[in-house]
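Shown next, in structure tokens, is the structure this report addresses.
Readers should treat all values here as calculations from the given coordinates under stated rules, not as data from a laboratory. Every value quoted in this text rests on a predicted model; they were computed, and no experiment measured them. Neighbour counts are summed over all protein chains in view; Cβ atoms, including those assigned to glycine, are modelled from backbone coordinates with ideal geometry.
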Ligand SMILES: Cc1ncc(COP(=O)(O)O)c(C=O)c1O
């Protein structure tokens, strides 16, 4: 019996549908009985249920989605919430499309995800980049300093777009940033794709709505047990128009939302409400033990830790292993673990990120601990300097706007001729998907060499027209 069903209207609607006999002469075409056609196909699609004519009637008469969204808004202390089946990618795009009109300026953290940059192309908003501080010992971005917000506030952006937490779990000092922006009526919009668990109990930092952010986007499928591409958009205050938001949300969302992602957002909300604080405390305890167990065997610190950062500025559930100090390639560790059937979230030369969530058990951590220790003892080599990732350190020269570059006439040039040209592509190591080159930016020698050497270190360089990086698509 589902503990969450009584307080999760979409979960109740989903389970009720399958408890009642329905003869559907509607989409989806699998009719929940594709297994009659093929057992494999049936296993994939037969539990699929759409919103329209599934979770609710075709005419949405029961308003179950609205009810679930208002329960989510209430739990996070926001005024308004929408559930997306298109990930934080869609939620970011919908939100950014609602902010202003082509030509308006927005201040954006340079460590923004590609979905935020693609929203600039869609909306015609123009970026004023803001840059994080880097910790010299670890090479990790520690957040956007208040001085950056003071600098860009003078340039009259209509909004400030931040990515919090960053991919490595660090967080800017949000309260003074938001306060400063609000003195000039500038909206603060937070891409918290990796922070859906924030704000529930003392084990993790508070969420950005609690710090006064005007809007927050988060992926329920990343740090919570959500269905792939399930995302939540939360809004409060009066700096962002709900009418514009509803319009841009619907413009960019599918007209056939799948029920499972929506239900998983509702049920994850109910789980956080009932047991979030305890589950997160347990998770952080597992994560801390995992780190201690490994560092004890190695005799040195290898993980980013809470006390590396100011209070409240790091996600204690984040597992970031820095491999330079023990002379290991993060990509080699990734490959060694893969041979033992273990996948990691991200690996480059000097970093491995393991995603740990509420769904991981004590046994999972014990298994991972053993595999990581075995692998590291085998791979361990000479200590070397950390190479700061291009994703955190790039300082772009923007020549034309992302939208101008996107729609410009373009040509593919050999990489020997690319330096000095204007990139038409967005190019990013993936993960984390942070652009090293955005459309409209000049290709420099540092960026070109950096991309090529990052690829040589075994990292996937994504979204380039020519993924081998032999040629670059540039503005004609
Ligand atoms: C900071 C950030 N924002 C947005 C996204 C996109 O999220 P989704 O995969 O839910 O579309 C990601 C994905 O990794 C991300 O890291």
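Here the residues 269, 403, 43, ranked from fewest to most Cβ neighbours within 10 Å of their Cβ, fall in the order 43, 403, 269.
Measure out, as a whole number of angstrom, how far apart the alpha-carbon centroids of the range 325-397 and the range 257-310 sit. Centre-to-centre (Cα) distance: 17 Å. Annotation: peptides 343-355, 11-23, ranked by per-residue average of other Cβ atoms within 10 Å with the highest first, follow the order 343-355, 11-23. Relative contact order for the chain: what is it in percent, counting Cα pairs under 8 Å that are at least 6 residues apart? It rounds to 14 percent for the chain. Given in Å, the Rg to one decimal and the Dmax to the nearest whole number for the Cα atoms of the range 94-236 are 14.5, 42. Using every pair of distinct Cα positions in the range 323-476, the Kirkwood expression returns a hydrodynamic radius of 17.1 angstrom. Give me the one-decimal nm value for the distance between modelled label points at residue 278 and residue 361, 7 Å along each residue's Cα-to-Cβ direction. So the label points at residue 278 and residue 361 sit 1.8 nm apart. Compute log10 of I(q)/I(0) for the range 5-76 with the Debye formula, placing one identical point scatterer on every Cα and leaving out solvent, at q = 0.17, 0.24, 0.25 Å⁻¹, to two decimals. Values returned for q = 0.17, 0.24, 0.25 Å⁻¹ are -0.69, -1.08, -1.13.
Straightening the chain between residue 151 and residue 430 buys 97.4 nm, computed as 0.36 nm per residue apart minus the Cα-Cα spacing.
Cβ-to-Cβ counts within 10 Å put 38, 214, 173 in ascending order as 38, 173, 214, the fewest first. Highest-first packing order for the peptide set 29-35, 274-280, 433-439 is 433-439, 274-280, 29-35, based on the mean count of other beta carbon atoms within 10 Å. Cα centroid separation, the range 151-184 to the range 44-105: 25 Å. Looking at the chain, the DSSP beta bridges with both ends there are about 65 percent antiparallel. Of all beta bridges that DSSP places with both ends in the range 46-167, some 20 percent have antiparallel geometry.
In plain terms, the C-alpha convex hull of the range 239-385 casts an average shadow of 12.8 nm² when viewed from every direction.
When the Cα atoms of the range 75-150 are aligned to their principal axes, the ranges along those axes come out at 40, 35, 22 Å in descending order.
Panel order for 286, 182, by other beta carbons found within 10 Å of each beta carbon, from fewest to most: 182, 286. Mean residue ellipticity, 222 nm, helices only, the chain: the sum of -39500 (n - 2.57) across DSSP H runs of n ≥ 4, divided by residue count and rounded to 500, is -11000 deg cm²/dmol. Extension gain, residue 20-residue 70: 0.36 nm per intervening residue step, less the Cα-Cα distance, totals 15.4 nm. As a size descriptor, the averaged projected area of the C-alpha convex hull of the range 389-471 was calculated at 4.8 nm². The distance between label points at residue 342 and residue 43 comes to 2.6 nm (points 7 Å beyond Cα on the Cα→Cβ vector). Sequence-distant contacts, meaning Cα pairs under 8 Å at least 6 residues apart, place the relative contact order of the range 408-476 at 47 percent.
Considering all different alpha carbon pairs of the chain, the Kirkwood hydrodynamic radius works out to 23.6 Å.
Between residue 61 and residue 295, the simple label model (points 7 Å from Cα in the Cβ direction) yields a spacing of 6.0 nm.
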